[in-house]
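The structure appears right after this line, and notes come after that.
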């Protein structure tokens, strides 16, 4: 675990205080892998990737603590050496994001409905505020998280509350056995099956559908995986091919993700197929539905709301990108922003316009 020059944080603090005094916006950036994500990029660039390194890792405690600039590849490599991994499967988008960027974005992969979201793994965090304060929230052990959980609030905040300088995460042991089966199903049949299987004590860790085929991943004790495979049926997928497919889904490398216009709809898992043009890529057991190259003028958000969900414009010209907030939720966001960043210098407008 390499030592890092502590003067980096002092340099950041000096620059942040100067920006606050001058009311100069700052754009926080780790590796830049998610520059496409969010409403807009604005402000003078503050690079955060120099503050890197694993602070502590206790495999027996299932906890790792690392600085914000630590590459995701380094964290995953250290965990893999001890037979462990990040259960929320953060996407890397073909690059190497920083831990700070992973948590600030709060994105999760295919295992999310069964193992939890990114925020569920955050045990503690350190934050550098607009007032130059170095705050610590949560802890570094699973039983030490109590009270209002600000550390998890930071997950998905896109840096609008401050600079996340350090994060402690819960990790998971690698499953003893993992198998994937493929079933030829229509989209409605796949969604119905996913929901039926989710209600049973089956070791599901992934359920997705695309182009007429459902892919179901099972992870856990060998006896449980084999029993679930016999119950579900389908064609067994070779280990290497299955790994590549789930990684392509996790990191958004499948063909639908290359569309010039891409919508990400979060809906109830059992929602009926939406009357949108084209076939979706369905993930999260039916709760996440991707639509590529939807023609301009199609009211995607109206269909999402009618299904009881929300719609995010992942790529395209729609504004706002994120689904509009209710007035009550918007007020909560505004109050948090005013408390943590009263002069609005951190990533202005990145999460919500005017924030």
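Filtering the range 280-302 to residues that are closer than 23 Å to residue 353 by Cα and buried (at least 18 other Cβ atoms within 10 Å of the Cβ) leaves 300, 301.
Kindly evaluate residue 328 against the criterion of being within 28 Å of residue 131 (Cα to Cα) and exposed (fewer than 15 other Cβ atoms within 10 Å of the Cβ). It is true that residue 328 is within 28 Å of residue 131 (Cα to Cα) and exposed (fewer than 15 other Cβ atoms within 10 Å of the Cβ). Quick check on residue 178: is it modelled with pLDDT under 95 and closer than 30 Å to residue 83 by Cα? No; evaluated as a whole, the condition is false for this residue.
Among the criteria (1) touching a strand residue (DSSP E or B) at 6+ places or on another chain (Cβ under 9 Å); (2) part of a helix (DSSP H, G or I), the one residue 311 does not fulfil is (2). With respect to the stated conditions, residue 158 fails to be on the phi < 0 side of the Ramachandran plot and buried (at least 16 other Cβ atoms within 10 Å of the Cβ). Among the numbered conditions (1) within 30 Å of residue 317 (Cβ to Cβ); (2) touching a residue at least 12 places away in the same chain (Cβ under 8 Å); (3) assigned to a loop (DSSP other than H, G, I, E, B), the only one that residue 35 does not meet is (2). The numbered conditions (1) surrounded by fewer than 17 Cβ atoms within 10 Å (Cβ to Cβ); (2) in contact with a helix residue (DSSP H, G or I) (Cβ under 9 Å, 6 or more places away or on another chain) are all true for residue 57 except (1).
Counting only strands (runs of 3 or more DSSP E) that sit completely within the range 191-276, those holding 3 or more residues that are surrounded by 15 or more Cβ atoms within 10 Å (Cβ to Cβ) correspond to 204-210, 213-220, 262-266.
Residues in the range 1-52 that are buried (at least 16 other Cβ atoms within 10 Å of the Cβ), touching a strand residue (DSSP E or B) at 6+ places or on another chain (Cβ under 7 Å) and within 14 Å of residue 67 (Cβ to Cβ): 4, 9, 12, 30, 31, 48, 49, 51, 52.
Conditions tested, residue by residue: (1) in the same structural domain as residue 211 (by TED's automatic domain parsing); (2) over 18 Å from the mean Cα position of the chain (by Cα).
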residue: 243; (1), (2): yes, yes
residue: 277; (1), (2): no, yes
residue: 302; (1), (2): no, yes
residue: 307; (1), (2): no, yes
residue: 323; (1), (2): no, no
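The values are calculated or read from the model by the stated rules, or taken from the named source; none is laboratory data. Owing to the predicted nature of the structure, the values given are computational and were not obtained by experimental measurement. All Cβ positions, even for glycine, are placed from backbone atoms using ideal geometry, and neighbour counts span all protein chains on display.
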